[in-house]
1. Can you work out ³J(HN,Hα) from phi for every residue in region B:195-211, in order, using Karplus 6.51 cos²θ - 1.76 cosθ + 1.60 and θ = phi - 60°, giving whole Hz and x for Gly and Pro?
2. Which whole number gives the average, over all residues in A:64-74, of C-beta atoms from other chains lying within 10 Å of the residue C-beta?
3. Amide H neighbours of A:Leu9 under 5 Å, at least 5 residues apart or on other chains, H built in the peptide plane: list them.
4. Starting from the Cα-Cα distance between A:Lys170 and A:Gln54, subtract it from 0.36 nm times their residue separation and give me the gain in nm to one decimal.
5. Return one number: the angle in degrees, 0 to 90 and rounded to the nearest 10, between the long axis of the Cα atoms of helix A:252-261 and the longest principal axis of the Cα atoms of chain A.
6. Which pairs break 28 Å Cα to Cα here: A:Lys280/B:Lys48; A:Lys48/A:Lys261; A:Lys287/B:Lys50; A:Lys48/A:Lys124?
7. Roll a 1.4 Å probe over the protein heavy atoms and report the accessible area of B:Val301 in Å², nearest 10.
8. Which of the GluC sites (Glu not before Pro) found in region B:124-176 are loop residues per DSSP with 14 or fewer other Cβ atoms within 10 Å of their Cβ?
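The values are calculated or read from the model by the stated rules, or taken from the named source; none is laboratory data. What you are looking at is a predicted structure, and each value in this text was computed from that prediction instead of being measured. Virtual Cβ from ideal backbone geometry, glycine too; neighbours counted across all protein chains shown. When the accessible area is computed, the model is the full protein with side chains, heavy atoms only, and any ligands, DNA or RNA have been set aside. Shrake-Rupley method; radii C 1.70, N 1.55, O 1.52, S 1.80 Å.
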2 protein chains.
Amino acid sequence: LKTFSLTILGSGAALPTAKRNPSGQFLNCNNRHILIDCGEGTQNQIRKHKLPLQRISHILISHLHGDHFFGLVGLLSTMHLLGRDKGIHIYGPPDLEQIIRMQLEIGGSRLPFSLNFYPLQKIKNQLIFEDKVIEIHSFTMKHRVDSWGFRIQEKEKERTLNAELFYGEKRSMEHIPALKKGLDVELEDGSKLLSADYTFPASKPKSYAYCSDTMYFEQILQSVLEVDYLYHEATFLHKELDRALATMHTTALQAGEIASKAKVKNLLIGHLSARYETGKELLAEAKSVFDNTFIVEDGDVFEF
Amino acid sequence: LKTFSLTILGSGAALPTAKRNPSGQFLNCNNRHILIDCGEGTQNQIRKHKLPLQRISHILISHLHGDHFFGLVGLLSTMHLLGRDKGIHIYGPPDLEQIIRMQLEIGGSRLPFSLNFYPLQKIKNQLIFEDKVIEIHSFTMKHRVDSWGFRIQEKEKERTLNAELFYGEKRSMEHIPALKKGLDVELEDGSKLLSADYTFPASKPKSYAYCSDTMYFEQILQSVLEVDYLYHEATFLHKELDRALATMHTTALQAGEIASKAKVKNLLIGHLSARYETGKELLAEAKSVFDNTFIVEDGDVFEF
């Protein structure tokens, strides 16, 4: 069962190109709709790819460079014009709230839905949201301005009932919750129902992590450990390492190294500098250290 | 000789649609490159229509509703990334400067070119820029927030020399400036060179006016009098007059009336509400009172 669907809205870096919009990703995780970063034109991309704009409940903004948030105020305005009344939760750098509220106020907009801002904190790894099914963690990265990565993961799941066996033996439903939790049940006659007999192992919780923008920074390894998909920026080729260091970005080779060291299952690279017409060389470079690498294009969808 | 070239970058209202971006116009007037309004995605439209982004020297922002300025900070960032060093002149509502500078500062951007902001004043009609060839005027309109219209016009031109006659008679070049100004010249022998004989009448200065957003407001008539092209918002059909009044917008019928009363040559209508799939009815309505009306689409070019 695929419970994550990730759509790439923008795969470019600060300078937009005809093919690559600035950063934005739309993540559907167990029907929680999460927008990660929101560069200029993100609302157009959401519309173009026919994604449910009004169902977005959480917005995560990594840092305050324009290509990651200049589209946010326009998106919120459009939500308003489309009649939204459900509140929205925005996690971002502390100054974000002021910028957004100021622009809305100056235009005389009183949003009829609540804008809930949660300033990200400079903490190595922090749980910023959870409900019954998912968790979102933020973690600090290293860039020219404060920048955060995000990990969205499912919670530990319950084991699933072997319904055929269980109901075939006409067992009482009252025992199901315990069995699903992995607990054995002692019956009145002294016999035992073993969880291992009546349930199948829980499927492994899936996870996704987003890292953009940051320089190569091993402190994030623990935060992205073993995720199913890691999106990591790969702005430059390694032969441009000087430029990557000066601008505090990552090379494709380094992104592959992070993926390898964090033992992730798949690596997605993006945030490609406009200087590269295709991502071919970047992909080859990352694959040289981590084979399960994919380069993302605007509109790509990953389901897992 | 066509000295004005106007490209429509966005013809929609606040809610963008697949076909209509928010407001933006690129005006080339005698090789002065002027951007009028800058909704989200305007930089993409400039690129898409292959217009010279870095040659924009003046930006005019009508008012602080997002669909007219949310694209400005991104445009300035892109100019920076593309290596601009030439300063830029921005005319807009007083609060605009603070919003733009704040966003750039928070992102750590130090633009290597000067941003010169000129706050618009609440004056009925004001000359805000002039050089040898053109003038730009602002004028107050009436909307939910302070809103200004703009008139861009050529200065009075000189008469043009009848070179064939003048040089055929081997006249001295020193007389040309006076003749071009319409002055007759008395020669040493007492005879006269009549300007009317040796020059052709000056071509009439051309002019363009932009009015969006505003409700029907006759005080602007003097400011847009007899322009060659008037762009006027026409957000609604007249049967939605209540809605137009409540939101302080203009109906297509009213836009036609303004054009008629101001004796303009041509009327362009735009800023169409997203509720109208085509502009057909809006066009018909405006034409019922002013025949020379055109409805604009994104990408349209008008040369005059």
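1. 3, 4, 7, 9, 9, 9, x, 5, 6, 6, x, 9, 8, 9, 10, 10, 10
2. Working: counts 5, 5, 12, 5, 1, 3, 10, 5, 1, 6, 10.
Average per residue, whole number: 6.
3. Under 5 Å from the amide H of A:Leu9: A:Gly24, A:Gln25, A:Phe26, A:Gly299.
4. Extra length available between A:Lys170 and A:Gln54 comes to 37.3 nm.
5. 20 degrees
6. Numbers: A:Lys280/B:Lys48 25 Å; A:Lys48/A:Lys261 36 Å; A:Lys287/B:Lys50 36 Å; A:Lys48/A:Lys124 36 Å.
Cα-Cα > 28 Å for A:Lys48/A:Lys261; A:Lys287/B:Lys50; A:Lys48/A:Lys124; rest within.
7. 80 Å²
8. On the way: sites: B:Glu130, B:Glu135, B:Glu154, B:Glu156, B:Glu158, B:Glu164, B:Glu169, B:Glu174; in loops: B:Glu156, B:Glu158, B:Glu169.
When the GluC sites (Glu not before Pro) of region B:124-176 are filtered for loop state and at most 14 Cβ neighbours within 10 Å, B:Glu156, B:Glu169 remain.
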